Amino acid sequence: MNPKNNLIIGIIVAVVIAASINIDANPVNFVDGFPKLIKIAEEMTQVDPNLFHIAFSAMFETIQMAIIGTVVGVAIALPLSILAARNLNSKWVYAPLRALLAAIRTFPSILWAILFVIIVGLGPFAGVLAIIMYTIGFVAKLQYEAIEAIDSDPVDAISSIGVSKLQLIRYVVIPESASHLLSQILYMFDYNVRQTSILGLVGAGGIGYYIINYIQFFEYGKATVFMLVVLIVVLVIDLISIKIRDKFIIKSQRGMEMKIK
Amino acid sequence: MSLTSTPIPKIQTKTIIQMNNVWTSYDAKNFALKEITLSVDRGVNYAIVGQSGSGKSTLLKLINGMMHPSRGTIRVDYQTPDITNKKFKKMMAKIGYIPQTLGLVKNLTVLENTLMGALPRINTLNSLFNIFPSNEIDEAHRLLTMVGLENKSKRKAYQLSGGEKRRVAIARALMQKPEILLADEIVSELDRVTSHEIMELIAEAQRRINLTAIMVHHDINLALEYANRVAVIKNGEKILEIGVDGDQIIDFQTGNMTQQEILEMYE
Ligand SMILES: Nc1ncnc2c1ncn2[C@@H]1O[C@H](COP(=O)(O)OP(=O)(O)O)[C@@H](O)[C@H]1O
Ligand SMILES: [Mg+2]
C-alpha cells in the first residue's frame, strides 16, 4: 500500500466522521439499542406459515406493478432518449430534455409515490405511476448515453447514402444500441421489483403495505414471511435475468456464437 | 417501361468529378490535403495510392461531402458535395461510399445491411416497418448471389469473416444503383486471392453499369493492375498522376515511364 492510498483512506475516514457528527450518528446509541435488536430477531424467527399464500399473492401484485411500470416507463423513455442524444439532435432539443430528465431523477421513487397517492389516491395505481416516472428518468439517461457511445462508422456510412433521419435511427441507432437496451430493461425490472416492494410504505400498493403494517403492530414474525417472499422472488428474478443476459447479450457483444452451458 | 427497351443515354459530359486546387485540414496547423487538382471521367476506375496518413481517406470524404475544402472547389456532377445540404441528398443516394471500416450494422443481417442501399428511394414509413418492395428484395438477393453470399443472407453481420464483410459492403453500395463508387482500402487487409476476387467483382459491376469507381489502395501493384488512372498522394499532395493502358504506363507530365520508376517514386 503506497502513501497516496493511505491519504485517500484517511480522507474517506475523516469525511465519514464529519458526516456522522452532522446527522447525529452515535455508536453509543447503536450499542444501547442492540438488546432490542436481539429481541426483534427472536420474534422474527416465529414465522407464521399460514401467511405464505397471502404473501405470494401480494408479491404477485408487486410484480404486476413492476412489469407495467417498467414496460410503460421504457416505452416512454426510448423516444425521449433518442431526442436527448447529442449526436442526433440540435442543442435546442436535447438540452431542455436533459434538464427535465435530470429533474425527474432527483426524486426517489418513494417521493413520486407520495405525490401520486395525493393525486390519484391510495392503491397500486399510484405505485405504478411512481415506477413509471423513476424508470423514465433512469432508462432515458442510460439509453441516451448508450446512443451517444455507438460506433460512428455505420452512422457515417449510412448517413452518406442519403437516408432520412428516421431511417438512420431505425436501421443504425436502434440496432446498434439494442444490446444495451435489453440489459437496461432487465436491470430496471429487477430494481423496480425491489422498489415496488417498499412503495406500500406510503400506501401505493404492493407487498410493502403488509410489511409496514405488521411492523407497526410489532408482529415481526408475520413481517418475516413477507420479507422472505420478497427475498425468494428477487433471487428468482435475478437468476432468470442472468439466463436472458447470457442468451442474448453476451453473444452479440462477443461478436460470435457461443454455447453457454 | 418494357424490359427490352434500351435506356436513352442522358447527355453527360465526360468529367464527373472535378477538384480544383483543393486544400483541407482537420486542425488549424496542418493541411491534410494541399493543392489537389484532379478530374475523373465517367466510367473509369480511378485509384488513389499513398502511404498511410498521406490523406487518401480525407480525399474520399471530400468527394462524398462529409468534409469540406478550406480552399478550392469540388464539383461532383456539377454539385458541391455537402452531406448536410438537402439539395445534395439525391446525389448522395448515387454515391456508394465504403469507408475503411466498412460501416456495417453488426446486429443486422446480411440481407438487411444490403437493403439499406435502397433506403433513399423507399417510402420512409414502409421502411420503418422493414417493408421493402419485392423487386428491391429480389435485387438484394441478386447482388448477394453475385458477391457469393446468398447462402448467408440471414447471418448477422458480426458473424462474418473480413472478406465476407467487404462483400456485404459492396452489395450495399451496388444496391444504391450508384453512379460513383468510393471505396477506401477495402482489399488492403485481405489475402491475394480474396482481394483479386473482390476487385473482379467491382470490375464486373463497372462493365454492367456505367459506374465510376474511385478506389483507395495501399498496394500500388493492385492499382496498376485494375485502374485506368492512378494518383499518388504523399503528405497531402498529389505527386504523380498516371494513366494505365495495358502494360503501358503514361505519366502526364514526362511521358512514358516504367513500373520500376513508379515504384521508386512511391517509396
Ligand atoms: N479525424 C481526424 N482528426 C484530425 N486529424 C486527422 C483526422 N483524420 C485524419 N487526420 C489526419 O489527416 C491526415 C490524413 O489522414 P487520412 O486521410 O486518414 O490518411 P490515409 O487515409 O491516407 O491514411 C493524417 O495526418 C491524419 O493524422
Ligand atoms: Mg485511410
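Calculated accessible area for the protein assembly as shown comes out at 52 Å² per residue, all protein chains present (probe 1.4 Å; ligands, DNA, RNA ignored). Give the shape of region A:51-260 as rounded, prolate or oblate, defined through the alpha-carbon gyration tensor: a ≥ b ≥ c are the square roots of its eigenvalues, a/c under 1.5 means rounded, and otherwise the shape is prolate if a/b is larger than b/c and oblate if not. Taking the square roots of the gyration eigenvalues as a ≥ b ≥ c, region A:51-260 is oblate.
In region A:51-260, a dipole from Cβ-located charges (positive for Lys and Arg, negative for Asp and Glu) runs towards its positive end, and of A:S160, A:Y191, A:P124 it is A:S160 whose Cα lies farthest in that direction.
Taken about its Cα centre, chain B carries a charge dipole of roughly 1320 debye when the Cβ of each Lys and Arg holds +1 and the Cβ of each Asp and Glu holds -1. For A:H53, the shell of other residues with beta-carbons less than 15 Å away shows a net charge of -1, using +1 for Lys and Arg and -1 for Asp and Glu. Applying the criteria of a DSSP loop state and at most 15 other Cβ atoms within 10 Å to the GluC sites (Glu not before Pro) of region B:189-239 yields B:E189. The H on the amide N of B:Y97, modeled in the peptide plane, is under 5 Å from the matching H of B:L182, each at least 5 residues off or on a different chain. Placing +1 on the Cβ of every Lys and Arg and -1 on the Cβ of every Asp and Glu, with nothing else charged, gives region A:51-260 a dipole about its Cα centre of roughly 120 debye. Report the antiparallel proportion of the DSSP beta bridges in the protein assembly as shown as a percent, rounded to a multiple of 5. DSSP beta bridges in the protein assembly as shown are roughly 55 percent antiparallel. Once the Cα atoms of helix A:3-22 and of chain A are each reduced to a long axis, what angle between those two axes, in degrees from 0 to 90 to the nearest 10, is obtained? Tilt relative to chain A: about 60 degrees. Under 14 Å of direct C-alpha separation, and excluding same-chain neighbours fewer than eight residues apart, A:K247 reaches these aspartates and glutamates: A:E257.
Temperature 25 °C, viscosity 0.890 mPa s: under these conditions the Stokes-Einstein estimate for region B:1-159, based on its Kirkwood radius over C-alpha pairs, is 133 µm² per second. Report summary: the helix-based calculation at 222 nm, which adds -39500 (n - 2.57) for every DSSP H run with n ≥ 4 and divides by the residues of chain A, gives -25500 deg cm²/dmol. With the contact rule set at Cα under 8 Å and sequence spacing of 6 or more, what percent relative contact order holds for region A:51-260? Over region A:51-260, the number comes to 28 percent. For the pair B and A, the buried accessible area comes to roughly 2300 Å² in total, with a 1.4 Å probe and the value rounded to the nearest 100. For chain A, the longest principal axis of the Cα atoms and the long axis of helix A:174-199 meet at an angle of about 20 degrees.
Couplings 3J(HN,Hα) for region B:128-144, derived from phi with the Karplus relation 6.51 cos²θ - 1.76 cosθ + 1.60 (θ = phi - 60°), are 5, 9, 6, 9, 10, x, 5, 5, 5, 5, 4, 4, 4, 5, 4, 5, 5 Hz, where x marks Gly and Pro.
Close amide H partners of B:I16, meaning residues 5 or more places away or on another chain with modelled amide H under 5 Å apart, are B:V40, B:D41, B:R42. Think of region B:66-127 as having a plus end and a minus end, set by charges on the Cβ of Lys, Arg, Asp and Glu; of B:I98, B:A118, B:F88, B:F88 sits farthest toward the positive end of this dipole.
Full extension of the chain between B:N235 and B:R208 yields a length gain of 6.1 nm, computed as 0.36 nm times the residue separation minus the alpha carbon distance. Per-residue Karplus couplings for region B:182-197, computed as 6.51 cos²θ - 1.76 cosθ + 1.60 with θ equal to phi - 60°, are listed in order as 10, 10, 9, 6, 6, 10, 4, 9, 9, 5, 4, 4, 5, 5, 5, 4 Hz, Gly and Pro entered as x. Amide H contacts of B:S70: B:W23, B:T24, B:S25, each under 5 Å away and 5 or more positions distant or on a separate chain (H built 1.01 Å from N in the peptide plane; Pro and chain starts excluded). With a cut-off of 20 Å on the backbone N, the residues of region B:212-242 near the modelled label site 7 Å out from B:R192 along Cα-Cβ are B:217-227. For chain B, DSSP calls about 55 percent of its internal beta bridges antiparallel. Karplus-derived 3J(HN,Hα) values for region A:53-64, using 6.51 cos²θ - 1.76 cosθ + 1.60 with θ = phi - 60°, are 5, 5, 4, 5, 6, 5, 5, 4, 4, 4, 5, 4 Hz; glycine and proline are entered as x.
The values are calculated or read from the model by the stated rules, or taken from the named source; none is laboratory data. The structure presented is a predicted model; accordingly, all values stated were derived computationally and were not measured. Because the Cβ atoms are built from the backbone with ideal geometry, glycine has one as well, and the counts that use them run over all protein chains shown. The accessibility values were calculated without ligands, DNA or RNA, using every heavy atom of the protein model including side chains. Shrake-Rupley method; radii C 1.70, N 1.55, O 1.52, S 1.80 Å.
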